[in-house]
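Novice: Below are the structure tokens for one structure; questions will follow.
The values are calculated or read from the model by the stated rules, or taken from the named source; none is laboratory data. None of the values given here were measured: they were computed from a predicted structure. Note that each Cβ is placed from the backbone with ideal geometry, even for glycine, and that neighbours are counted across all protein chains shown.
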Amino acid sequence: MAFLTKDELITEAPKSFIDILVGTEQPMVDEVINDMIDLIKTNIGAYYDTDLIFSKQGEARSRTVLNYLKDLVFYKLQKRRKPGVLDPSDYDEAMKWLEEVSTGKRKADLPPKKIDTDGDGIPDKNVPFMKLGSNKSYPNGW
């Protein structure tokens, strides 16, 4: 079973509207869902166990990840039908959340990615968060 199905998008809009957006292209919806799952995995995969996150089913799924995934998928479906006339606020909020989680500004309640530190083949330590960059430079008059 998939992490998200077309029928679960009814929290974003009425089922009749979702059916209109999808039309007769059900495989396209699955493709959009997979693309957005891959987008989320790319953003949070460095520090969170995305295989475990997206293997969960039913009530065991992370409600936060599921909510933002629905926002991303719904936006992409709408954009596909009517490009250029959309309110991207939910999409922007989802992308902001992904950016903040990936840069460490926000911690997500998700299973952390683990690494094997003692060589026994069993992951036993969380991947440390490493933030790269430097202090803010200020212009001076010299």
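Novice: If I ask for residues that are assigned to a strand (DSSP E or B) and basic (Lys, Arg), which ones from the range 105-119 would you list?
Specialist: Matches in the range 105-119: 114 only.
Novice: A follow-up question, please. Residue pairs, Cβ under 6 Å, 6 or more apart or interchain, first in the range 69-85 and surrounded by fewer than 22 Cβ atoms within 10 Å (Cβ to Cβ) and at pLDDT 85 or above, second of a type in the set (Val, Ile, Thr) and part of a helix (DSSP H, G or I). List them.
Specialist: These pairs meet every condition: 76/32.
Novice: Do we find a residue being out of contact with any helix residue (DSSP H, G or I) (no Cβ under 9 Å at 6 or more places or on another chain), closer than 24 Å to residue 7 by Cβ and surrounded by fewer than 15 Cβ atoms within 10 Å (Cβ to Cβ) anywhere in the range 104-124?
Specialist: no
Novice: Can you name the condition, by its number, that residue 43 falls short on among (1) surrounded by 12 or more Cβ atoms within 10 Å (Cβ to Cβ); (2) closer than 18 Å to residue 4 by Cα?
Specialist: Here residue 43 meets the rest and fails (2).
Novice: For the range 11-28, does any single residue satisfy the condition of being farther than 22 Å from residue 113 by Cα and either at pLDDT 90 or above or under 18 Å from the mean Cα position of the chain (by Cα) (or both)?
Specialist: Yes, some residue in the range 11-28 is farther than 22 Å from residue 113 by Cα and either at pLDDT 90 or above or under 18 Å from the mean Cα position of the chain (by Cα) (or both).
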